[in-house]
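Down below is the structure, laid out as structure tokens.
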Amino acid sequence: MKAEHISIALRLEDIPHIGSKVASLLREAGIEEPLELQNQDAVWLYNKICSITRQNHNLQLLDRLLAAIDFASGGAPRPLHVFSKRRELLARGKAGQLLMPDGESSH
């Protein structure tokens with residue numbers, strides 16, 4: 001069962017919308033514990049994961065990172081579609097910053 005608040009999340013997998021695959025990617029990026037996500041930059045973390053894995057990950061990963069960072073920073077668990085909308089707005093404002101490992105924009 002997923003944690004209702006960051007204070008009771010013991011593992012990355014306890015965070016809403018974070019399963020074993022995303023938790024593994026976070027660990028590869030150096031995030032080992034839920035509280036380490038507090039105040040992280042989701043776009044930077046997404047780009048770091050893409051660079052480390054040498055893969056262009058689906059932008060749903062960015063949605064999950066936005067959700068996890070919001071939760072780790074004290075936000076309530078919310079449906080993932082809320083973060084999909086946030087990502088769409090973010091992408092418009094930071095279009096050139098969603099870079100893939102090969103340096104090309106995700107757009």
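The values are calculated or read from the model by the stated rules, or taken from the named source; none is laboratory data. Values in this document were obtained by computation on a predicted structure and should not be read as measured data. Glycine also receives a Cβ, built like all others from the backbone with ideal geometry; neighbour counts cover every protein chain displayed.
Can you find a residue that is among the small types (Gly, Ala, Ser), exposed (fewer than 14 other Cβ atoms within 10 Å of the Cβ) and farther than 27 Å from residue 92 by Cα anywhere in the range 26-43? Within the range 26-43 (the criterion being among the small types (Gly, Ala, Ser), exposed (fewer than 14 other Cβ atoms within 10 Å of the Cβ) and farther than 27 Å from residue 92 by Cα), the answer is yes, since at least one residue qualifies.
If a residue must be assigned to a loop (DSSP other than H, G, I, E, B), at pLDDT below 85 and either acidic (Asp, Glu) or over 15 Å from residue 42 (Cα atoms) (or both), how many such residues does the range 69-105 contain? Full working, then the answer.
Taking the range 69-105 and keeping what is assigned to a loop (DSSP other than H, G, I, E, B), we get 73-79, 94, 98, 100-104.
From the residues that got through so far, the ones that are at pLDDT below 85 too are 94, 98, 100-104.
Next cut, either acidic (Asp, Glu) or over 15 Å from residue 42 (Cα atoms) (or both) only: 101-104.
Here the count works out to 4.
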